[in-house]
Amino acid sequence: MAEIDVDLPIEQRIAAAVADLGEDGVVTRALALIAGQNAGEEFLLIVGGEHARGILEGAPVLYWPELWGMRALLYVWNDTAVAAVTAGLQNQAWRVREMATRVAAARGLDVLPVLSELLTDDVPRVRAAAARAVGTLGGEAELVKPLLKDPEIDVRRGAQQALDAIRARLS
């Protein structure tokens, strides 16, 4: 693999990886990260960019590789990733849940029951992402209407975006 320019936007880094490894190869490595496995230093730099250097230099791993693996699925996909994304919706790390919600919406996954649970998540960013995903995936307006009164403005905004998407779909 060629030298990785970690300053390039993620979509360009992923495109370069696809050119080198193929779509299935990139998805397989992303799934390995999501599963907590080692997908190689080069791949970690591809999906994590400059931030991955800290982990490679000994910083705590936490949930970052899982998050970066999940984010990669916004740019490259095959259906072998469905189970990992579905499981990611219930990950203990809120950033992973939020990203899995974005991926589920982008990939049109049939996960509305799990997303409905995330509408009451403790983390506002997860609630907002879940609301938008419910709107994108064709959920019912009644699911997201309560979030219009959420104490967090970003959640209210996400609920409104969901309702707008639902109305547009129904008109």
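Please treat every number below as a calculation from the coordinates, not as lab data. It should be emphasised that the depicted structure is a prediction, and the values quoted were computed from it without experimental measurement. Cβ atoms come from the backbone with ideal geometry, glycine included; neighbour counts cover every protein chain shown.
Structure notes:
- Test item: Cα-centred dipole of segment 110-171, Lys/Arg +1 and Asp/Glu -1 on Cβ, debye: 280 debye
- Remark: segment 8-19, residue by residue, has Karplus-estimated 3J(HN,Hα) of 5, x, 3, 5, 6, 5, 5, 4, 5, 5, 5, 4 Hz, where x stands for each Gly or Pro and the curve is 6.51 cos²θ - 1.76 cosθ + 1.60 at θ = phi - 60°.
- The alpha carbons of segment 82-159 stretch over 33, 25, 16 Å along the principal axes, in descending order.
- Rel. contact order, % - alpha carbon contacts under 8 angstrom, at least six apart, the chain: 15 percent
- Gap separating the Cα centres of segment 69-117 and segment 1-68, nearest whole Å: 18 Å
- Global form of segment 1-84, assessed from the alpha-carbon gyration tensor, a/c cut-off 1.5: oblate
- For segment 120-131, putting each phi into the Karplus relation 6.51 cos²θ - 1.76 cosθ + 1.60 with θ = phi - 60° gives couplings of 10, 4, 5, 9, x, 5, 6, 4, 5, 5, 5, 4 Hz, in residue order, rounded to whole numbers and with x for Gly and Pro.
- Cα point-scatterer Debye curve for the chain, base-10 log of I(q)/I(0) at q = 0.11, 0.14, 0.15 Å⁻¹: -0.48, -0.73, -0.81
- With each label modelled as a point 7 angstrom along the Cα→C-beta vector, the Lys145-Val61 pair spans 4.6 nm.
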